[in-house]
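One structure is given below, encoded as structure tokens.
The values are calculated or read from the model by the stated rules, or taken from the named source; none is laboratory data. The structure displayed is predicted, hence computed values, not measured ones. Here the Cβ is made from the backbone with ideal geometry for all residues, glycine too, and neighbour counts use every protein chain on show. Keep in mind that these areas ignore ligands, DNA and RNA; they rest on the heavy atoms of the full protein, side chains included. Shrake-Rupley method; radii C 1.70, N 1.55, O 1.52, S 1.80 Å.
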Amino acid sequence: MELVFDHAVFLRKDWQLEADGRFLPGIHLVSGKIGAGKTTLSLMAAGLLSPDKGSVKRNDIHSVMLSMQFPEYHVTGSTISAEVRSWGLDPDIVLASAGLEGYGKKDPFRLSRGELKRLHLHCILSRDWDLLILDEPFSALDCREKKDVCQRIDQKTGGIVIICTHEQRFFPHVDVIWEIQCGTLVRTGELPHALTRWSHAPARIRKLVEKGIIPENISESDIMEASCWMHE
Amino acid sequence: MFRKVTIPALSIHPGRTAVIGPNGGGKTSLLRVLSGIALPQEGSITIDGVPPRQCEIGWVNEYPDRNMLFFSVKDEIASPLRFRNVPCSKADAIVTNLAEKAGIGHLLPRPVKDLSGGEKAIVALVTAVVSGPDVLVADEFDSHLDMETFEAAERLIAQSGASYSIQCTQNMNLAGSCDHIAFISGGKVQHYGTPGEVFKNLAGTCFYPFDWRIRNGTGL
């Protein structure tokens, strides 16, 4: 199973994104400035956008899901229960796991954005996907939900998970870090070695690396443990 | 929202206030009535003795798309000035200056529909502060920003001149740097005070700032 960007180039009038690389099963983190092309990369990976040059190949990938940055773009049901059913899931089970029991007959747009994001992610993460692309999965979530989403992502094994995010604190255990720099997708590397080269690293991780402390990974517990070494 | 938010009494001090709390706790509802977009069903809100709808308020929606009214970024940011009949040449100069400060000068000719989510969020903030509002109310736009843009946004807010800057955020390090914090949960303001006062009540929860944990050596 692999996702291959083969010299893929997406062109716009005053902007372009070049991607050349292989995504193998595991958890991949993509970071970059706003407008760098993370969403464009996500759309190309999901097959919703074709590159102007090169190609994107999804080898031995039979199920693909893209979670868009704004959860409202996914809503098709007029009630919360209908929305859950539109994902082929049992509303009672999903609403219980999302802490939204009793809200089934409500309009999804009456939820707060954080709740809508939570509902959406619970629907997506209730199933297994060969290729799962999460565009800013943590935006709008409170810290408890971010931790829960990290745990759920950590439990996804066997498939390719790509997370595009600006999150600074909560991460699952990541296998590979990628960055978009000056319009080009760059494979920063596998963890933990990639942390010394990660130009978009959160401030806390940057401080650790500057002091010569390389966390094992970037989950909250990894960073806390590494920070304790700094105090010793 | 379909749940009740009840605030028997709350006095928010001038300066920077972070509104924090779990999803669905009532943060957005509070911001909507503070901004005058919604009215409370009971009771009243005043800002220095005046109802919100009679104040100059800059508003950043939690859904950046809902802030956008015009085709191009330049027209969007200029709109609050044009509604105030600021001469075009003066409005253009203000817009260009502020956009450059925010690091989005290159976006001015772009259609807003072509922007990324993070770009829409920073455009919404610049639009909210361009006319120098007395009150800035921002609903968690910061979760869409990279660190560099976040820092530019922080400078914009600091230089906005707003007497009250009230921002919902899930960034507890940011909340810790504000003058005051309101922690809302279950439709009630559970804690209000300085960051030290509020976070003292949240020690042991994930709402306690990560950097403070490290600093205090309190562990997880």
Q. If one computes the Cα centroid of region A:188-223 and of region A:1-43, what distance in Å separates the two points?
A. 22
Q: Report, by chain and number, residues whose modeled amide H sits under 5 Å from the one on B:I184, excluding near sequence neighbours (fewer than 5 apart, same chain).
A: B:I20, B:G21, B:Q190
Q: Could you pull the Cα extents of chain B along its three principal axes, largest to smallest, in whole Å?
A: 52, 42, 30
Q: Pull up all non-local amide H partners of B:S72: gap of 5 or more, or a different chain, and H-to-H distance under 5 Å with H placed in the peptide plane.
A: B:V112
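Rg/Rh for the protein assembly as shown to two decimals, with Rh computed the Kirkwood way over all alpha-carbon pairs.
Here the Rg-to-Rh quotient is 0.95.
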Q: For region A:212-229, just list the computed ³J(HN,Hα) in residue order, Karplus coefficients 6.51, -1.76 and 1.60, θ = phi - 60°, integers in Hz, with x standing in for Gly and Pro.
A: x, 9, 9, x, 4, 8, 10, 5, 4, 5, 5, 5, 5, 4, 5, 5, 5, 4
Q. Expressed in whole Å with the largest first, what are the equivalent ellipsoid semi-axes of region A:4-116 derived from the C-alpha gyration tensor as the square root of 5 times each eigenvalue?
A. 34, 16, 12
Q) How large is the helix-only mean residue ellipticity at 222 nm for chain B, computed as the sum of -39500 (n - 2.57) over DSSP H runs with n ≥ 4, divided by its residue count, in deg cm²/dmol to the nearest 500? A) -10500 deg cm²/dmol
(Q) Beyond 23 Å, how much of the Cα-Cα pair distribution for region A:84-232 remains, as a whole percent? (A) 44
Q. Which cross-chain or sequence-distant (5 or more) residues have an amide H under 5 Å from the amide H of A:S31, H modelled 1.01 Å from N in plane?
A. A:W178, A:E179, A:I180
Q.
If I fit a long axis through the Cα atoms of helix B:88-101 and take the longest principal axis of the Cα atoms of chain B, what angle between them do I get, 0 to 90°, rounded to 10?
A. 50
Q) Excluding ligands, DNA and RNA, what is the solvent-accessible area per residue of chain B at a probe of 1.4 Å, expressed in Å²? A) 43
Q) Under the Karplus relation 6.51 cos²θ - 1.76 cosθ + 1.60, θ = phi - 60°, what is the ordered set of whole-Hz ³J(HN,Hα) values for region B:191-196, x standing for Gly and Pro? A) 9, 9, x, 6, x, x
(Q) From the helices alone, meaning DSSP H stretches of at least four residues, give me the mean residue ellipticity at 222 nm for chain A, per-run term -39500 (n - 2.57), in deg cm²/dmol to the nearest 500. (A) -8500 deg cm²/dmol
**Q.** Karplus (6.51, -1.76, 1.60) ³J(HN,Hα), θ = phi - 60°, over region B:139-153, in Hz, Gly and Pro reported as x
**A.** 9, 6, 6, 5, 6, 9, 10, 6, 4, 5, 6, 4, 5, 5, 5
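Please compute the Kirkwood hydrodynamic radius over region B:30-160, one decimal place, Å, based on all pairs of different Cα atoms.
Hydrodynamic radius (Kirkwood, Cα only) of region B:30-160 equals 15.1 Å.
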Q. About the Cα centre of region B:15-216, what is the dipole size in debye to 20, counting +1 per Lys and Arg Cβ and -1 per Asp and Glu Cβ, all else neutral?
A. 220
**Q.** Positive-end residue, region B:83-195 charge dipole about Cα centroid, Cβ charges, pick of B:A128, B:I184, B:T169
**A.** B:A128
Q) Other chains near A:162-170: what is the mean number of their Cβ atoms within 10 Å of each residue's Cβ? A) 4
Q) When we measure straight from the Cα of B:K74, which lysines land under 28 angstrom away, once same-chain ones fewer than 8 places off are left out? A) A:K13, A:K33, A:K38, B:K90, B:K101, B:K113, B:K120
Q) Considering chain A, which cysteines have no disulfide-compatible partner, defined as another cysteine with its Cβ under 4.7 Å away? A) A:C123, A:C150, A:C164, A:C182, A:C228
